[in-house]
Structure formats: C-alpha cells, structure tokens
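K.L.:
My structure is below; once you've seen it, I'll send some questions.
Please treat every number below as a calculation from the coordinates, not as lab data. No experiment lies behind these values; they were computed from the predicted model shown.
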Amino acid sequence: MGKTALITGVTGQDGAYLAKLLLNKGYTVYGFVARRATESTWRLREMGIAVSIALQSEAMSVKSPCNRAMSCSIPISRNRQVDSVARRATNP
C-alpha cells in the first residue's frame, strides 16, 4: 500500500505542483479546496491530475485544516494512515 498525503490549498500553484510531485512518487493525494464563488480546479485539469486527487471543498476559516483533516468527510479508510499533511497558504 502506497503513502497518503493531505494537501490544503491544492488548487493553488504550490499545492498543485506538490500534488503532481507526490502523485508521481506513488502517493494517494487528498486535497482541500477553498470554497469560492469562482471555479478553481482549472490548474489541476491543465496539469492532468484533477481526476487523480480526491477533493473536499471547505470554508477554510471554519476550523484548522489539520484538525478538520482528522474528522473530515474525505473517504480515507480507517485502516489507512495519512503519511503527510501539507498546508498551502490560502487567501481569505
């Protein structure tokens, strides 16, 4: 079983490149996406990785992304451990 990573701000430039790097290394990638009025996954589609990432749309100000990661509705199996958590900066 490969490693699992959780990235907040995955649709931003840094988050998207990190996701691509980790996918290329065999990671399963889960990503939090800031809830915005505009569609924000274009970069992931342009890089050809949108279908490889499980996305969860959340209002980032509700509570800490790292705390939320432990109780989120992303379908991470209870038998699967998250190996890496990366928080990319998001604009409020």
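K.L.:
Pull out the extension gain between Thr41 and Asp14, defined as 0.36 nm times the separation in residues minus the alpha carbon to alpha carbon distance; nm, one decimal.
P.N.:
Numbers: separation 27, 0.36 × 27 = 9.72 nm, distance 1.34 nm.
Contour length minus Cα-Cα distance gives 8.4 nm.
K.L.:
Through the Karplus equation 6.51 cos²θ - 1.76 cosθ + 1.60, θ set to phi - 60°, convert the phi angles of region 11-22 into ³J(HN,Hα) values in whole Hz; use x for Gly and Pro.
P.N.:
Karplus-based 3J(HN,Hα) across region 11-22 equals 8, x, 4, 5, x, 5, 5, 5, 4, 5, 4, 5 Hz.
K.L.:
To continue, here is another question. Name the residues whose placed amide hydrogens come within less than 5 Å of the amide hydrogen of Leu55, ignoring near sequence neighbours (fewer than 5 apart) on the same chain.
P.N.:
Gly31
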